[in-house]
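Contents: one structure, followed by commentary.
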Amino acid sequence: MSEPVYGWVLRSSILPGPEVPLAELIHPRVEPELVFVMAEDLAGPGVTAGDVLDATAEIVGGIEVIDSRYEAFSFTLPDVIADNTSAARVAVGTDGVEPRAVDLTTLGCVFEVDGRITGTATGAALLDDPAGCVAMLANHLGRHGQRLEAGWVVPAGAPTDARPLGPGTVATARYSHLGSVTVTAA
């Protein structure tokens, strides 16, 4: 992959608590995310994974709620871009680590839906390095006169597959060093 496909995390899409209001969504799915909380603005060209770590306040666990307008998430690349990459909501954890406190490539994630493990991965599942994913995004944005801004939450990508979120579903992402994040469909 030479360019990232990305969507925007709007302030209004950050969940204030664990409840996901299903009435606001079409056919949602959930997936774990490693989330970078930016301390400084960052734009390419030339941004490295190390630069990302230097510009990051902390890294926390999260769960992204994706939701597509397209039936069965069947779409073309232009469709997914027009659909804000299916980005709908995000739950951001409260237990974070300083960017260089752990090896992000070996940071573990166990994803459970309704008490059943549906996926496990390490940070290396994100193009070998989650910070490298954020660097790719910063470089892409810089080529278009944009940047990542201080205070933004930047999900690096999902290390496991997304799972359906139906009425009453409870999804939990358990991270080594980052605690757990849980969402419940309401």
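Before moving on, here are some points about what is shown:
- Shape call, the chain: gyration tensor on alpha carbons, a/c limit 1.5: oblate
- Computed from Cα positions, the angle between helix 130-143 and the longest principal axis of the chain comes to roughly 70 degrees.
- Ranking of S68, S180, S12 by count of other Cβ atoms within 10 Å, fewest first: S12, S180, S68
- Packing here is the average count of other Cβ atoms within 10 Å per residue, and on that basis the peptides 89-95, 70-76, highest first, run 89-95, 70-76.
- Using a simple spin-label model with pseudo-atoms 7 Å out from Cα toward Cβ, W8 and R69 lie 1.5 nm apart.
- The residues V102, V181, when put in order of fewest to most other Cβ atoms within 10 Å, stand as V102, V181.
- Sequence of L178, L141 once ranked by neighbouring C-beta atoms within 10 Å, starting from the fewest: L141, L178
No lab work stands behind these numbers, since they all come straight from the coordinates. On a predicted model such as this, the values are computed, not experimentally measured, just so you know. Backbone-built Cβ (ideal geometry, glycine too); neighbour counts: all protein chains shown.
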